[in-house]
Amino acid sequence: MTDATAAAPLDRALLRRTRGRQNRGYRRFLLPAIVTIVVLTIVPLIFTLGLSLTSLSYSSIRGPRFIGLENYADLFGDARFIASLWQSAVLIFVPLIFQLVFGFMLALVMNERLPGLGWLRVIFIIPMFFPPIVMGLLWKVLFTPQLGGINHYLGLIGISGPAWLSDPTMALISISVAAVWGWTPFVTIMFYTAMQTFPSDLYEASRIDGATWVQRIRFVTLPLLRQTALVVIVFRIMEGLAIFPIIYVMTSGGPAGSTETTNYYAYITGFEFLKVGYASSIILTFLAILVAILAPSTRLVLKNVGERG
Amino acid sequence: MRVRPRRITAGLYTFAIVWGLFILVPFAWLASLSIKSRLDAFADPPKLFFTPTFAAYGEVFGDPAFLRAIGNSLIVSTGAVALSLLIAVPAAYALRHIVGPLRHHTLLGILLIRMVPGMVYLLPYFVFYNKAHLMDTHIGLIIVHLIFNVPLIIWMLTPIWAAIPHDLSEAARIDGATPFQTLVMVDLPLMKGGILAASILAFIFSWNEFLFALILSRREVVTLPVAIVNFLAFEGTEWGKIAAASMFIVTPAIVFGFLVRRYMISGLTGGAVKG
């Protein structure tokens, strides 16, 4: 596709054959990257699997031994683990819904090229470069009584502000607000980039057919965005728990474990209780669940990967 | 194209302005906190007008632990970017030329690996680093940063490499230059801009990284994001200091981020979106 400038079909066939022969010379440039990635990710992944079959714990005086699937069996009876799965689902999907809605609206605003809104294109992206830990601090400040002032201003309009971070339900909402703030720009860029590629003749045709603006969005833009939305959803689900630093500073999984996601539980188990074997089984089970949910759609999403560029 | 009803235009403007405030006000709040005195910070009702003081910045930059953290962050981020480039640039170059399933599977594989939650990798590194004396070292942290930066750079450079003119490198090959000579003498000069952009983005990711740093370098090689958390743990009420330190971390990330924002999507999603 990138050789569209080549003159004649014959030349392109010749070029391809020559290049095929040259492939051999280029493979070794790829080798360091493949070795690095295999050594740094695949090997540790297998190692984690091994760890999850042991009783390894740095807080125990007994040495690690092989215990088979015992850790995994224990998970089923671990109420804290089950709760963490539910809380993970909440903290992945609740922000995701708002990210999709607001991300779409923002992309729409930018795509309409409304006069006087150039500044929005510049500032909407700011949260993307925020270190997640600072994002967490920022919202912790805002939700802290007195320091943040949110409840003061809510009071001015007659709303008695809730205890944002110390009430279990409100804590989930507070973290979701931070997650929407932080990752909506990603969704916006994805949608906006896709909108730029939509064929204008479709819009032209719908206009000639007398479609209203709303109908155009409903019947042209939204269907065209379906593929992109799927990509966004897969990425946001897979990376949804990258909010770890936010939880870490805002609530530390509290109050009473109400914002403890599964990766946070694995963190506590592995690095505070030092039960590394059990923590491995927690995080691998979570990874397995993610993959099971996403596997069917991933095929669809990734089928055009690598065709580009 | 004036088919948009006025009501909807008004709605779009309203949303744009509300969203702009939603993004900016929290950031401005943090910035103002960094230049408020302790008294003003906790004033009720909140003070919108106050005498700015840069005392908190003075405290932050007078703190030897924080200065060491700046050094550590610079060393780790720079080292991670340099090493990632050394591995990823040749790979992106190879992927420009290689055709067929090898190319497809490589690109797909590194994308999937990037998507795996970091916590999965953290446990084995914790065990291994304890044994291998890599805990709390610069090089130990640099190595784990390769996990996300090598895929990021490869994914960012691949489409850029495809877009630069290839007549020159093909001419060089025909004249008998080896693939390595072609890379160094022809491709790299053409790719300067793209490589710079990829380096900046990778630098931001390293600079912002928290999870690995929290576990693998808690005591000696403390980086900035962990140093800030330490402020929170040891000096819980020093919000001015925390805000000032936050501003110091976030400002370079935003400034450099703006420079490379055009390239972000392919790096983050591996071009899984058409565009």
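Show me the helices (runs of 4 or more DSSP H) found entirely inside region A:196-286 where at least 1 residues are over 24 Å from A:ALA163 (Cα atoms) and away from chain B (no Cβ under 11 Å).
Details: elements: A:200-208, A:213-216, A:226-238, A:244-250, A:262-267.
Of the helices (runs of 4 or more DSSP H) lying wholly inside region A:196-286, those with at least 1 residues that are over 24 Å from A:ALA163 (Cα atoms) and away from chain B (no Cβ under 11 Å) span A:200-208, A:226-238.
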Can we say A:VAL122 is under 26 Å from B:MET247 (Cα atoms) and open to solvent by 60 Å² or more (accessible area, probe 1.4 Å)? yes
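Do any helices (runs of 4 or more DSSP H) entirely within region A:68-180 hold 2 or more residues that are within 14 Å of chain B (Cβ to nearest Cβ) and of a type outside the set (Val, Ile, Thr), and if so, which?
On the way: elements: A:70-76, A:79-111, A:118-123, A:126-129, A:132-143, A:150-156.
In region A:68-180, A:79-111, A:118-123, A:126-129, A:132-143, A:150-156 are the helices (runs of 4 or more DSSP H) which contain 2 or more residues that are within 14 Å of chain B (Cβ to nearest Cβ) and of a type outside the set (Val, Ile, Thr).
Identify the residue in region A:56-70 that is out of contact with any strand residue (DSSP E or B) (no Cβ under 8 Å at 6 or more places or on another chain) and more than 13 Å from B:VAL127 (Cβ to Cβ) and, among all such residues, is most open to solvent (accessible area, probe 1.4 Å).
Just the residues of region A:56-70 that are out of contact with any strand residue (DSSP E or B) (no Cβ under 8 Å at 6 or more places or on another chain), to begin with: A:56-63, A:68-70.
Subset that is more than 13 Å from B:VAL127 (Cβ to Cβ): A:59-63, A:68-70.
Details: A:SER59: 79, A:SER60: 52, A:ILE61: 178, A:ARG62: 154, A:GLY63: 50, A:GLY68: 16, A:LEU69: 123, A:GLU70: 92 Å².
Looking at the filtered set, the residue picked out is A:ILE61.
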Scan of region B:74-117 for residues that are at pLDDT 90 or above, more than 16 Å from the chain's Cα centre (by Cα) and surrounded by fewer than 18 Cβ atoms within 10 Å (Cβ to Cβ), ordered by number: B:LEU86
Take B:VAL120 and tell me if it is over 21 Å from the mean Cα position of the chain (by Cα) and among the hydrophobic types (A, V, I, L, M, F, W, C). no
Only residues in region B:12-31 that are touching a residue at least 60 places away in the same chain (Cβ under 8 Å) count as the first member; pair them with residues that are open to solvent by less than 70 Å² (accessible area, probe 1.4 Å), Cβ under 7 angstrom, at least 6 apart or cross-chain, and list the lot. B:LEU30/A:LEU138; B:LEU30/A:VAL141; B:LEU30/B:ALA243; B:LEU30/B:SER246; B:LEU30/B:MET247; B:ALA31/B:MET247
Does A:THR144 fit the bill of being touching a residue at least 12 places away in the same chain (Cβ under 8 Å) and crowded, with 19+ Cβ neighbours inside 10 Å? no
Only listed residue being modelled with pLDDT under 85 and either of a type in the set (Lys, Arg) or open to solvent by 10 Å² or more (accessible area, probe 1.4 Å) (or both), chosen from B:PHE248, B:PHE234, B:PHE256: B:PHE234
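Quickly run through region B:159-214 and pick out the residues that are of a type in the set (D, E, K, R) and within 30 Å of B:THR137 (Cβ to Cβ).
Answer for region B:159-214, where residues must be of a type in the set (D, E, K, R) and within 30 Å of B:THR137 (Cβ to Cβ): just B:GLU209.
The values are calculated or read from the model by the stated rules, or taken from the named source; none is laboratory data. Predicted model only: the values in this text are computed from it and were never measured. Glycine also receives a Cβ, built like all others from the backbone with ideal geometry; neighbour counts cover every protein chain displayed. All accessible areas refer to the heavy atoms of the entire protein, side chains included, with ligands and DNA or RNA removed. Shrake-Rupley method; radii C 1.70, N 1.55, O 1.52, S 1.80 Å.
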